[in-house]
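In what follows, a single structure is set out as structure tokens and then discussed.
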Amino acid sequence: MKIIDLVSIFLLMIVSGGWIAVCAVFAPAYKKMSAATYIEAEVLNSKRACKHFAPALILAAIFTLWSMLTHGDSSMFPYILSGASVLLMVTAGVFVKLKVLTINHEIEKWSPAAPPENWQAVRAKWIHYHGIRTILGVAAFVLQAVAVIWW
């Protein structure tokens, strides 16, 4: 395996693993929080997550494309898997931008002392969107891992 391949898998592991943690740890905890605690935690966590996950996802896509180019033959099965992985990463990034970040920006405007009446519905949608995003990220990781092992 080439360093490029390992870096692509490592970055995808970081992203998909972090997203799994959000779904497995943070989302269930958020369901038990008061509105004020949820708002404060979500605003802090989202700001930190955006600083780390977005660059890691972009770099993972770049390294996966680079891996594809170094292996060459576009008719090879691993090449197709890597291409599908990149497509899933791009889809996840666009999905996050259009759906998840829209909710994050909405929550940033909320006051912990006076949450909107629909805060629980918004939280449920946020959790649902994170589940979709996580499925996309894990699928991208699995496809690239299989491609690298296959090569």
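The values are calculated or read from the model by the stated rules, or taken from the named source; none is laboratory data. Quick caveat, the model's predicted, so the values are computed rather than measured. No Cβ is skipped: glycine too gets one built from the backbone with ideal geometry, and neighbour counts run over all protein chains shown.
Across region 93-102, what is the total count of residues that are surrounded by fewer than 18 Cβ atoms within 10 Å (Cβ to Cβ) and either on the phi > 0 side of the Ramachandran plot or hydrophobic (A, V, I, L, M, F, W, C) (or both)? It would help to see each step written out before you state the result.
Pass one, region 93-102, residues surrounded by fewer than 18 Cβ atoms within 10 Å (Cβ to Cβ): 94-95, 97-99, 101-102.
Of the ones still in play, those that are also either on the phi > 0 side of the Ramachandran plot or hydrophobic (A, V, I, L, M, F, W, C) (or both) are 94-95, 98, 101.
Residues flagged as surrounded by fewer than 18 Cβ atoms within 10 Å (Cβ to Cβ) and either on the phi > 0 side of the Ramachandran plot or hydrophobic (A, V, I, L, M, F, W, C) (or both) within region 93-102 amount to 4.
Scanning region 8-41 for residues being in a loop (DSSP other than H, G, I, E, B) and of a type in the set (Gly, Ala, Ser) gives a total of 1. Of all the criteria given as (1) of a type outside the set (A, V, I, L, M, F, W, C); (2) touching a His at 6+ places or on another chain (Cβ under 8 Å); (3) exposed (fewer than 14 other Cβ atoms within 10 Å of the Cβ), the one not satisfied by PRO78 is (3). Looking for something under 14 Å from VAL100 (Cβ atoms), without any contact (Cβ under 8 Å) to a residue 40 or more places away in the chain and either in contact with a Phe, Trp or Tyr (Cβ under 9 Å, 6 or more places away or on another chain) or buried (at least 19 other Cβ atoms within 10 Å of the Cβ) (or both) - is there at least one such residue anywhere in region 21-42? Scanning region 21-42 turns up no residue that is under 14 Å from VAL100 (Cβ atoms), without any contact (Cβ under 8 Å) to a residue 40 or more places away in the chain and either in contact with a Phe, Trp or Tyr (Cβ under 9 Å, 6 or more places away or on another chain) or buried (at least 19 other Cβ atoms within 10 Å of the Cβ) (or both).
Got at least one residue in region 59-76 being closer than 25 Å to GLY131 by Cβ, of a type in the set (Gly, Ala, Ser) and in contact with a helix residue (DSSP H, G or I) (Cβ under 7 Å, 6 or more places away or on another chain)? Checking region 59-76: at least one residue is closer than 25 Å to GLY131 by Cβ, of a type in the set (Gly, Ala, Ser) and in contact with a helix residue (DSSP H, G or I) (Cβ under 7 Å, 6 or more places away or on another chain). For the condition buried (at least 19 other Cβ atoms within 10 Å of the Cβ) and either modelled with pLDDT of 90 or more or more than 30 Å from LYS2 (Cα to Cα) (or both), what is the one hit in LEU87, LEU65, LEU57? Just a single option satisfies the conditions, and that option is LEU57. Determine, yes or no, whether HIS71 is in contact (Cβ under 8 Å) with a residue 24 or more places away in the chain and surrounded by 14 or more Cβ atoms within 10 Å (Cβ to Cβ). It is true that HIS71 is in contact (Cβ under 8 Å) with a residue 24 or more places away in the chain and surrounded by 14 or more Cβ atoms within 10 Å (Cβ to Cβ).
Of all the numbered requirements in (1) farther than 30 Å from ASP5 by Cα; (2) modelled with pLDDT under 95; (3) among the basic types (Lys, Arg), LYS47 misses one, and that requirement is (1).
Considering THR70, THR64, THR91, THR102, the condition of being under 22 Å from MET33 (Cα atoms) and of a type in the set (S, T, N, Q) is satisfied by THR102 alone.
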